[in-house]
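Here's the structure we're looking at; comments come further down.
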Amino acid sequence: MRANGRRLAEVAAMLRENIKVGVTTRHLDRLAEERVRSMGAHPSFKGYQPPGTPPYPGTLCTSVNAEVIHGIPNDRPLESGDVLSVDMGLHYGGYHADMAFTVVLGEPEPRIAQLLDATRQSLYVGIAQASPGQRIGDIGHSIESTIKPHQLGIVRQFVGHGIGRALHERPSVPNYGKAKTGDLLKPGMCIAIEPMVTLGTWKTKILQDGWTVVTTDSSIAAHFEHTIAITENGPEILTRLDEVDQTMTMDPIIR
Ligand code: MF3
Ligand code: CO
């Protein structure tokens, strides 16, 4: 899973370099699929089909502006001012990795810059709780406490998850909750922590395509995600390049 995390972080780094005004999300999806397959790996999301939904068509989820998650890559060129969340999963050797990041194209309004900064910061605050002896509720509570002073909406309909041989495993990892409650974290567990945060409401709905999740008030949303291993020495971020966590250092503004 560590090797897969590094593979996926490589794909993310490549994508970050290719996001610019005029590029379509379908183009980004093709680049990602080519890179994943060139590794001998498979895109985890492609063909993924929870009961009652159509199979997911892409390698990436590309969610723009009021789209929170599960946006389907399309042919609309990205424009200045767009807020784009890119979510991706990779399957290799029987195990999955899952990660997401959000960027804005061009100089953002202060409130959008704050949304991106706070959402990313909340991911790292949540990760810091992922040590043996801590509980799932400690993660959610710390994320919620980080977002609260910014008066942003925390999505509740979707949550983080255990990850391993399946993309989604127990336990659920909500981005809200009560400290010292929920499942106990133990060495060897792997989880995906993924705060989804909006400039307005926490309420979301799924569009007619069966996938795209949008805010009910059309407010802009951000999403950051890492796959984490819980080790005796504390949390280990798997979806990073060797020692370098490029999500942490990434400039979320595409200039
Ligand atoms: N990345 C999403 C998650 O973290 C999964 C997307 S659903 C899919 O759970 F169908 F697109 F795979
Ligand atoms: Co996930």
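If you scan region 1-60, which residues turn out to be part of a helix (DSSP H, G or I), open to solvent by less than 70 Å² (accessible area, probe 1.4 Å), over 22 Å from T212 (Cβ atoms) and of a type in the set (G, A, S)?
A3, G5, A9, A13, listed by residue number.
Which condition breaks for G52 when tested against (1) within 16 Å of ligand 1 (Cβ to nearest atom); (2) modelled with pLDDT of 95 or more?
(2)
Would you confirm, using the coordinates I've provided, whether R6 is in contact (Cβ under 8 Å) with a residue 24 or more places away in the chain and within 17 Å of the chain's Cα centre (by Cα)?
Numbers: in contact (Cβ under 8 Å) with a residue 24 or more places away in the chain: yes; within 17 Å of the chain's Cα centre (by Cα): yes.
Criteria met by R6.
Only residues that are in contact with a helix residue (DSSP H, G or I) (Cβ under 6 Å, 6 or more places away or on another chain) and either open to solvent by less than 30 Å² (accessible area, probe 1.4 Å) or within 15 Å of ligand 2 (Cβ to nearest atom) (or both): list them for region 195-224, please. First the steps, then the outcome.
Initially, region 195-224 is screened for residues in contact with a helix residue (DSSP H, G or I) (Cβ under 6 Å, 6 or more places away or on another chain), giving 195, 197, 199, 222, 224.
Correct list: P195, V197, A222, F224.
Return the residue satisfying two criteria in turn: it lies in region 225-248 and is away from ligand 1 (no atom under 16 Å from the Cβ), open to solvent by 20 Å² or more (accessible area, probe 1.4 Å) and among the β-branched types (V, I, T), and of such residues it is nearest to M99 (Cα to Cα).
Filtering first and then ranking leaves V244.
Return only the number of the condition from (1) open to solvent by less than 10 Å² (accessible area, probe 1.4 Å); (2) away from ligand 2 (no atom under 15 Å from the Cβ); (3) without any contact (Cβ under 8 Å) to a residue 60 or more places away in the chain; (4) not hydrophobic (A, V, I, L, M, F, W, C) that Q121 does not satisfy.
(1)
Please go through region 61-114 and pick out each residue that is outside any strand (DSSP E or B) and either within 16 Å of ligand 1 (Cβ to nearest atom) or within 19 Å of the chain's Cα centre (by Cα) (or both).
To start, the set of residues in region 61-114 that are outside any strand (DSSP E or B) comprises 65-66, 70-76, 78-82, 93-94, 106-114.
Within region 61-114, N65, A66, H70, G71, I72, P73, N74, D82, I112, A113, Q114 qualify.
For region 131-182, how many residues are acidic (D, E) and either touching a residue at least 12 places away in the same chain (Cβ under 8 Å) or within 18 Å of F224 (Cα to Cα) (or both)?
Filtering region 131-182 down to residues acidic (D, E) leaves 138, 144, 169.
Of the ones still in play, those that are also either touching a residue at least 12 places away in the same chain (Cβ under 8 Å) or within 18 Å of F224 (Cα to Cα) (or both) are 138, 144.
Matching residues across region 131-182 total 2.
Starting from residues that are without any contact (Cβ under 8 Å) to a residue 24 or more places away in the chain and under 16 Å from A166 (Cβ atoms), keep the ones in region 35-53 and report whichever is nearest to ligand 2 (Cβ to nearest atom).
Here is the first cut: in region 35-53, the residues without any contact (Cβ under 8 Å) to a residue 24 or more places away in the chain are 37-38, 46-47, 49-52.
Those still in the list that are under 16 Å from A166 (Cβ atoms) too: 46-47, 49-51.
On the way: K46: 15, G47: 16, Q49: 16, P50: 13, P51: 18 Å.
Checking each candidate, the answer is P50.
Taking region 163-181, which residues are open to solvent by less than 20 Å² (accessible area, probe 1.4 Å) and within 11 Å of ligand 1 (Cβ to nearest atom)?
Once the filter is applied, which keeps residues that are open to solvent by less than 20 Å² (accessible area, probe 1.4 Å) and within 11 Å of ligand 1 (Cβ to nearest atom), region 163-181 yields I163, L167, V173.
Quick check on region 68-107: of everything there that is more than 19 Å from I154 (Cα to Cα) and of a type in the set (D, E), which residue is farthest from ligand 2 (Cβ to nearest atom)?
Top of the filtered list is E107.
Which of the numbered conditions does H141 fail, given that it passes all the others? Conditions: (1) in contact with a Phe, Trp or Tyr (Cβ under 8 Å, 6 or more places away or on another chain); (2) open to solvent by less than 10 Å² (accessible area, probe 1.4 Å); (3) assigned to a helix (DSSP H, G or I).
Condition not satisfied by H141: (2).
Among the listed residues A221, A130, which satisfies the condition of being within 19 Å of D87 (Cα to Cα), under 18 Å from the mean Cα position of the chain (by Cα) and hydrophobic (A, V, I, L, M, F, W, C)? Don't jump to the end; show me each part of the working.
On the way: A130 fails: within 19 Å of D87 (Cα to Cα).
Result: A221 is the single residue among A221, A130 that is within 19 Å of D87 (Cα to Cα), under 18 Å from the mean Cα position of the chain (by Cα) and hydrophobic (A, V, I, L, M, F, W, C).
The values are calculated or read from the model by the stated rules, or taken from the named source; none is laboratory data. Predicted, not measured: the structure shown is a model, and the values here were computed from it. When we count neighbours, we look across all protein chains shown, and the Cβ atoms used for this are built from the backbone with ideal geometry, even at glycine. Quick note on the areas: whole protein, heavy atoms, side chains included, nothing else; ligands and nucleic acids left out. Shrake-Rupley method; radii C 1.70, N 1.55, O 1.52, S 1.80 Å.
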